[in-house]
1. Among the residues of region 468-476, is any of a type outside the set (Phe, Trp, Tyr), assigned to a loop (DSSP other than H, G, I, E, B) and loosely packed, with under 15 Cβ neighbours inside 10 Å?
2. If I go through region 357-387 residue by residue, how many of them are within 28 Å of Ala420 (Cβ to Cβ) and within 34 Å of the chain's Cα centre (by Cα)?
3. Name the residue, out of Leu447, Leu432, Leu416, Leu422, that is surrounded by 13 or more Cβ atoms within 10 Å (Cβ to Cβ), in contact (Cβ under 8 Å) with a residue 60 or more places away in the chain, of a type in the set (A, V, I, L, M) and outside any helix (DSSP H, G or I).
4. Take the conditions surrounded by 14 or more Cβ atoms within 10 Å (Cβ to Cβ), of a type in the set (Phe, Trp, Tyr) and at pLDDT 85 or above and apply them to Tyr532. Does it pass?
5. Among the numbered conditions (1) part of a helix (DSSP H, G or I); (2) free of Cβ contacts under 8 Å to residues at least 60 places away in the same chain, tell me where Ser106 comes up short.
6. Checking Gly271 against (1) at positive phi; (2) in contact with an Asp or Glu (Cβ under 9 Å, 6 or more places away or on another chain), which test does it fail?
7. Under the condition of being among the charged types (D, E, K, R) and under 29 Å from the mean Cα position of the chain (by Cα), which residue from region 255-309 is surrounded by the fewest Cβ atoms within 10 Å (Cβ to Cβ)?
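The values are calculated or read from the model by the stated rules, or taken from the named source; none is laboratory data. Every value quoted in this text rests on a predicted model; they were computed, and no experiment measured them. Methodologically, a virtual Cβ is constructed for each residue, glycine included, from the backbone with ideal geometry; neighbour enumeration extends over all protein chains shown.
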Amino acid sequence: MTSGPYLLLLLVLPFIGSLVGVLLLQTRSRALPAWVAGVTTFASFAIIASLYPAIESGEIIRFESEWLPQLGLNFTLRMDGFAWLFASLITGIGLLVVIYARYYMSPDDPIPRFFSFLLAFMGAMLGIVVSGNVILLSIFWELTSIFSFLLISYWNHNSAARDGARMALTITGIGGFCLLIGLLLLGNIVGSYDLDTILASGDTIRSDKLYLPALIFILLGALAKSAQFPFHFWLPNAMSAPTPVSAFLHSATMVKAGVFLLARFYPALSGTYEWFLILGLAGIATLVLGAYFAMFQQDLKGLLAYSTISHLGLITTLLSLGSPLATVAAIFHMMNHATFKASLFMAAGIIDHEAGTRDLRKLGGLFRFLPVTATLAMVASAAMAGVPLLNGFLSKEMFFAEAVETHADSILDRALPYLAVLAGAFGVVYSLRLIHTVFFGRVNDSLPNPHPHEPPRWMRFPVEFLVVICLVVGVLPGLTIGPFLATAVKSVLGDQTPQYSLAIWHGFTIPLLMSTIAFVGGAVLYYFISGYLSRCDDGPPFFRHLGGQRIFERILVEVSWRWARSLEKWIGTRSLQPQLRLVVAAGFLAALVPLYFSGFDPAISLPKEYDPAFVALWLVGICLACATAYLAKYHRLAALVMLGGVGFVVCITFVWLSAPDLAITQLLVEVVTTVLILLGLRWLPKRTEKLGDEVDLRSRYRRFRDLLLAIGCGAGMTYMAYAVMMMPVPDAIANYFLDNAYTQGGGRNVVNVILVDFRAFDTMGEMAVLAIVALTVYGLLRRFRPAADSMSRPEQQQLQNRFDMEQPDRAEGDTVRDYLLVPSVMMQWLFPFVIAFSVHVFMRGHDLPGGGFAAGITLSIAFLLQYLAGGTRWAEDRIRIQPLRWIGGGLLLAAATGAGAWAFGYPFLTSHFQYLELPIIGKVPAATALLFDLGVFLLVVGATVLILVALAHQSIRINRLQAIDAAKKEEA
């Protein structure tokens, strides 16, 4: 078997583990979810390790399955040396984070939820790394934002966690939208969304007029993700997440996604002054400001967060230079930063776990209590500061070497060596502060836990492992990390790969002099300002009142308060009618303006022949629609009856025009919607009883205006529909479906074959929309409280209990026969017959009028009848229906049917059919589209019944509230 399928397994494995974690939500064990996450992560890492021989030989492993081949959109996965390196970091550090989290997380936390989110986040990050199609990359890019939001807000009882997660999602979400625009522009320039094609088209891209806007949008997405200036402020606010999340997010995922993208698109976008200017300004500003802010932080994780921002700025600056050697240094520092930063965050978690605080003003003298952890943290901090014989020193020296080179004759390039030394000195300061403040000096009397001790052995193991890597790579870089770095660099730079050396000693060079100045300057600076740093509670000097977070919050206030309030005052109202007026008017303009500017010819020819009976039918429909509009305010039941008459006219029209499939669907939908609306009428405010009430001039004007708007929109839609139907349509479109419905789709019902085969992708989108609508209606109805003057129960229901849907204490087996006895018995007896009819409609749908949608509506009517016949409690005591599972099962079945085609090398949602030989029955046609149609059936049933349940439970809720009020009155 080729290596391609392993990529698919690598991608789906974390998501499978995440789903298993969801199934463990009810368990209280920490060990079982941790084992699931650990085994999943280890298996992913093993798959990646097994692919290294092919990657080392220069092979690009690909897995491709057709999705929408006509649009050039295929599900493509690819792994080269750079992707292999990042995937190794994601899964390797991810495994260490899982081990660490097993001991870090409290038993009181919902542990399965944590590991489920963590695995899903890992899977999304792997998706970014191995995506071979830029649209697929954009999808996984957004998934990382969503799952990071769930992880950052994991402790949702903490307002800081909620605010930090919301800020992170807002910034990275907007950046993701910008990235999508840039990738679409890039695909438009190249003519393909395939990553290999884009990377090979650098000259074409850079010479195109769309290069600059595409570059700006892509860089906005990357800079926002990696917390680069001016988007740097969201990352420190994400420190309310659990420490394992911070360690994973800062070292190998999320914030590394931005610099990964910059390096990934380096061959296609770099080499221009615009690339250097935009990335250089953002990178250098982030490098210096991040290090400067880190010195003044009082929170240990805050210090590490700003140091992450600074080091990401270093990587961004290197990539901006457009030099092959700078790119080598950038990739090398990505690897080094992942190791020492993950170990530092885990050490910070141990300190917080044992000492009970992360406040640097309360910490001190912990070396005597935590000697091993302190030693590990000091080594990792030294690697972060760039101390010789540690891995951070090597990539920092390469950065200094590139900083003194001339890449662009500009002030920015000439200032880079001085700013690099300044940032290096600041890095020494915050590293020294971390070591000195936390581990040395006297023990603070205000320490929450006065007797800290070393953590469990396996909780410290990930830190030990990573620190050993920092040491080994720092001493033997060529033998340890050299081959992996060479493979990654060659996959990015190709033929431009330069000669470079990972030797520890290069002699007395300018970069060594710069390092020395940074070390000495940083140590001297810390000596003089250490006392001031511990007392600085109001932020760094010069930037106390100018922060990105403050600007972000001010923008949110402006947008969500002033602008939104102003817009709400202009268009908002408690009455539904003005809102509908605005929506209809906007739709009218949205249709009118394009038609006007497109030069649409309004002249259409009337038919020379027409059937008087058909015209009379539609005149009846028009009269019914007018009557519905007139009676809607005064007689709602009559208006609903009239509206049903309009639907019946449409149904007859479909029959008249030889569309029985549409006619059946229309009739069934009319039945369900009419009954559901009828059930909802009770909760509306009381209607106006008199038609002849006096109205003022303003009210008359409003009604006249609404009448004109309704007539205009109705006439416009009628005209457009008629014009479209009168347009000459090539016979090839209709003939194609008629000729190929059976030969390619295996069905004679052309409408159904189009829905479940030719246009199945559209149908799947409509299924998702229907599911969202059902969930939204359910959510709104759960929070709905009827008006005080809503209609009370009819007098007949007040006298009877058996058929009262909201009676909570009705005795089982009540046999009161005075109210709707015969209809209720008939509805109960119809239940099995309607189910049988639903199955019949479903099974015949591929060859005769019917199908999954019509069958789903039919079965929904069966459930609806039972609720009407016996009441909510009676029905739910006897029918175990869980609509959410029906909805989820329908979506999953439809998606699985589409994905099943991949196993046979066909595009997504490609159907297959053949005849099966069954005993006695003989040959029976069978198509995979039947399974897709079954998904439609399940979803329609679930969505309809979910709305029914929401309406029915209104009665139970109201009756419960009334019972509580009555009990309170009796007590009073």
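1. Here is the first cut: in region 468-476, the ones of a type outside the set (Phe, Trp, Tyr) are 468-476.
Among the residues that remain, those that are also assigned to a loop (DSSP other than H, G, I, E, B) are: 476.
Now restrict to residues that are loosely packed, with under 15 Cβ neighbours inside 10 Å: 476.
Yes, because at least one residue in region 468-476 is of a type outside the set (Phe, Trp, Tyr), assigned to a loop (DSSP other than H, G, I, E, B) and loosely packed, with under 15 Cβ neighbours inside 10 Å.
2. The total comes to 1.
3. On the way: Leu432 fails: outside any helix (DSSP H, G or I); Leu416 fails: outside any helix (DSSP H, G or I); Leu422 fails: outside any helix (DSSP H, G or I).
On inspection, the qualifying residue turns out to be Leu447.
4. Working: surrounded by 14 or more Cβ atoms within 10 Å (Cβ to Cβ): no; of a type in the set (Phe, Trp, Tyr): yes; at pLDDT 85 or above: yes.
For Tyr532, the condition - surrounded by 14 or more Cβ atoms within 10 Å (Cβ to Cβ), of a type in the set (Phe, Trp, Tyr) and at pLDDT 85 or above - is not met.
5. The failed condition is (1).
6. Only one criterion in (1) at positive phi; (2) in contact with an Asp or Glu (Cβ under 9 Å, 6 or more places away or on another chain) is unmet by Gly271, namely (2).
7. Going residue by residue through region 255-309, those that are among the charged types (D, E, K, R) are 256, 264, 274, 299, 301.
Next, only the ones that are under 29 Å from the mean Cα position of the chain (by Cα) stay: 256, 264, 301.
Numbers: Lys256: 27, Arg264: 26, Lys301: 24.
Restricting to residues being among the charged types (D, E, K, R) and under 29 Å from the mean Cα position of the chain (by Cα), the top hit is Lys301.
Per-residue answers, yes or no, for (1) surrounded by 17 or more Cβ atoms within 10 Å (Cβ to Cβ); (2) basic (Lys, Arg); (3) touching a helix residue (DSSP H, G or I) at 6+ places or on another chain (Cβ under 6 Å):
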{"residue": "Leu865", "(1), (2), (3)": "yes, no, yes"}
{"residue": "Ala869", "(1), (2), (3)": "yes, no, yes"}
{"residue": "Asp877", "(1), (2), (3)": "no, no, no"}
{"residue": "Leu893", "(1), (2), (3)": "yes, no, yes"}
{"residue": "Phe904", "(1), (2), (3)": "no, no, no"}
{"residue": "His912", "(1), (2), (3)": "no, no, no"}
{"residue": "Ala926", "(1), (2), (3)": "no, no, no"}
{"residue": "Leu930", "(1), (2), (3)": "yes, no, no"}
{"residue": "Thr944", "(1), (2), (3)": "yes, no, yes"}
